[in-house]
Amino acid sequence: MLLLASIIVLSLVDLLITLFHLQTTGMIESNPVVVFLVRTTGSAWALALYKTGTVVVCVMLLYRVRKHVQGEIASWLALMILVGVSFMWHYYMQASDSPENVQLAQILHGDEWLILD
């Protein structure tokens with residue numbers, strides 16, 4: 001249960017940081033489903049619903065198989081992936097701490113750059 005709670009917390013943090021960057025400076029998103037949602041809806045709510053829905057489904061599945069070895073392994077893998085995402089956010093925020101870096105990224109990745117108004 002602690003693993004599942006950790007997955008939920010890290011997923012929520014990822015959502016909040018994603019929304020913050022999309023609504024301020026913008027960012028490059030590597031998830032094609034998120035790119036599609038942001039470009040077609042322009043809605044933070046659509047993004048939040050998608051991310052929340054995927055986490056709910058995954059946590060429910062992991063909860064159902066929690067008493068099996070495979071379920072525990074999958075939970076640990078999910079947690080490790082989210083810890084990796086947290087490190088990536090840390091490095092991203094360090095790199096984007098100056099307006100010059102953000103402007104350069106916008107120029108270099110113009111068609112890939114996403115922002116929510």
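For this structure, a couple of remarks:
- Long-range neighbours under 6 Å by Cβ, at least six apart or interchain, first residue under 10 Å from Ser6 (Cα atoms) and touching a residue at least 24 places away in the same chain (Cβ under 8 Å) within segment 72-88, second of a type in the set (S, T, N, Q) and part of a helix (DSSP H, G or I): Leu79/Ser6
- Selection of segment 64-75 for residues being assigned to a helix (DSSP H, G or I) and surrounded by 14 or more Cβ atoms within 10 Å (Cβ to Cβ) yields Gly71, Glu72, Ala74, Ser75.
- For segment 43-64, the count of residues that are aromatic (Phe, Trp, Tyr), out of contact with any strand residue (DSSP E or B) (no Cβ under 7 Å at 6 or more places or on another chain) and touching a residue at least 40 places away in the same chain (Cβ under 8 Å) is at least one.
- Qualifying residue in segment 94-117 (condition: of a type in the set (Ser, Thr, Tyr), within 19 Å of the chain's Cα centre (by Cα) and either within 30 Å of Leu3 (Cβ to Cβ) or at pLDDT 95 or above (or both)): no
- Single residue of segment 1-56 satisfying the filter (hydroxyl-bearing (Ser, Thr, Tyr) and buried (at least 17 other Cβ atoms within 10 Å of the Cβ)) that is nearest to Asn101 (Cα to Cα): Thr18
- Verdict on Val59 being surrounded by fewer than 13 Cβ atoms within 10 Å (Cβ to Cβ), assigned to a helix (DSSP H, G or I), on the phi < 0 side of the Ramachandran plot and not hydroxyl-bearing (Ser, Thr, Tyr): no
- Scanning segment 93-117 for residues that are part of a helix (DSSP H, G or I) and either surrounded by 16 or more Cβ atoms within 10 Å (Cβ to Cβ) or hydrophobic (A, V, I, L, M, F, W, C) (or both) returns Met93, Ala95, Val102, Leu104, Ala105, Gln106, Ile107, Leu108.
- Selection status of Gly26, on the phi > 0 side of the Ramachandran plot and touching a Phe, Trp or Tyr at 6+ places or on another chain (Cβ under 8 Å): yes
- Among the numbered conditions (1) basic (Lys, Arg); (2) closer than 25 Å to Leu3 by Cα; (3) touching a residue at least 24 places away in the same chain (Cβ under 8 Å), the only one that Arg39 does not meet is (2).
The values are calculated or read from the model by the stated rules, or taken from the named source; none is laboratory data. Because the structure is predicted, anything quoted here is derived from the model rather than measured. Glycine gets a Cβ as well: all are built from the backbone with ideal geometry, and neighbour counts include every protein chain shown.
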